[in-house]
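Structure, as structure tokens:
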Amino acid sequence: MSAIDGLPPLREVIASHGLSAKKSLGQNFLLDLNLTAKIARQAGDLSGMDVLEIGPGPGGLTRGLLAEGARRVLAIEKDERCLPALAEIGAAWPGRLEVISGDALEIDPLAHLTPPIAICANLPYNVGTELLVRWLTPDIWPPFWQSLTLMFQREVAERIVAAPGSKAYGRLAVLAQWRAEARIVLSLPPGAFTPPPKVASAVVHLKALPEPRFPADRKVLERVVAAAFNQRRKMLRAALKGLAPDIEDRLRAAGIEPTERAEQLSLEQFCALARELA
Ligand code: SAM
């Protein structure tokens, strides 16, 4: 396709830099620049914002983010083979792209970013959930980012936006919805990627709320939610008995029947229980 930035089509970039996809790095590339621009638009108005991108690969989404007006993009990529292709994008957008070569799980990007900050990424599946949980669980809220626009396997996306009572409801839903507004904004079939993954994907947009929906200590809430969903088929009085000797009383004090199960509890009830156990 004719490029939005005067750079070669992504198929050419991949061929000329020998970027055969590596499964171990979760490499499923997006090669359609119309699609990457559409994903970038889901992040909202990027003008005046720094954007953190994890795993730019050959740079399809990076190009979308720059073309959609991001003030600066900071891209962290583990696969050194991608660096020359990313350098070409940097040359086409002088002063607007910084690339850090390394593992996103080990690099603190904050020193390289100026607020306001958005995060947008077609995440490597093997580290996507871990990064999301880190971004959702800082001690201080609001976090360093204003929004997250992230590609996940469809099944993970559904777990993030799940409502109580549904099978997908669990730790991710509670952590995400406690302090952010989360919705699925785009669904993509496997064929949108090269090579196509086995499952469908979806883009989730999370907007950080100015403060949590209900008060609770973050660490206590995480403990309660982890224990409750670790044994999601058990009644709460059994699943949570390790958290307090008088757990039945604590559950009742929080307005929860001890015979209920985790997947029936609303966010408000989880927070009430966390306050009771703090
Ligand atoms: N953003 C590109 C796109 O949309 O076509 C590539 C997406 S691909 C699903 C995931 C990318 O993350 C790959 O480029 C891979 O090398 C990179 N990656 C995998 N693990 C990583 C890690 N721990 N830190 C940084 N990048 C990583």
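Computing the accessible area with a 1.4 Å probe over protein heavy atoms, can you report the carbon and sulfur percentage for the range 114-254? Spell out each step's value before the answer.
Working: 3480 of 6580 Å².
About 53 percent, which is the carbon plus sulfur part of the accessible surface.
Under 24 Å Cα to Cα from residue 234, which lysines show up? Leave out anything in the same chain fewer than 8 places away.
Partners found: 167, 219.
Calculate, in whole percent, how much of the Cα-Cα pair population of the chain lies beyond 37 Å. Each step should come with its number before you reach the end.
On the way: 7872 of 38503 pairs.
Here the tail beyond 37 Å accounts for 20 percent of pairs.
Add +1 for every Lys or Arg and -1 for every Asp or Glu among the other residues with Cβ under 11 Å from the Cβ of residue 243, and state the total.
Working: positive: 223, 237, 241, 250; negative: 246, 276.
The answer is +2.
Rounded to the nearest whole Å², what accessible area per residue is found for the chain with the 1.4 Å probe? Walk me through the intermediate numbers first.
Working: 12450 Å² over 278 residues.
Here the residues of the chain average 45 Å² of exposed surface.
Could you work out the equivalent-ellipsoid semi-axes for the range 54-149, taking the square root of 5 times each eigenvalue of the Cα gyration tensor, largest first, in whole Å? Provide the component values of the computation, followed by the final result.
Numbers: eigenvalues 94, 50, 26 Å².
Semi-axes (√(5λ), whole Å): 22, 16, 11.
Just from its helices, what would the mean residue ellipticity at 222 nm be for the chain, if runs of 4 or more DSSP H residues each count -39500 (n - 2.57) and the sum is divided by every residue, rounded to the nearest 500 deg cm²/dmol?
On the way: 11 runs with 99 residues, N = 278.
After summing the helix terms and dividing by the residues of the chain, the value is -10000 deg cm²/dmol.
Taking the Kirkwood radius as the inverse of the mean 1/r across Cα pairs, report the Rg/Rh of the range 60-101.
Details: Rg = 9.5 Å, Rh = 10.2 Å.
Rg/Rh: 0.92.
The values are calculated or read from the model by the stated rules, or taken from the named source; none is laboratory data. From a predicted model like this one, the values you see are computed outputs, not experimental measurements. In this analysis, Cβ positions are derived from the backbone assuming ideal geometry, glycine residues included, and neighbour counts consider all displayed protein chains. Just so you know, the surface numbers come from the protein's heavy atoms only, side chains and all, with ligands and any DNA or RNA stripped out. Shrake-Rupley method; radii C 1.70, N 1.55, O 1.52, S 1.80 Å.
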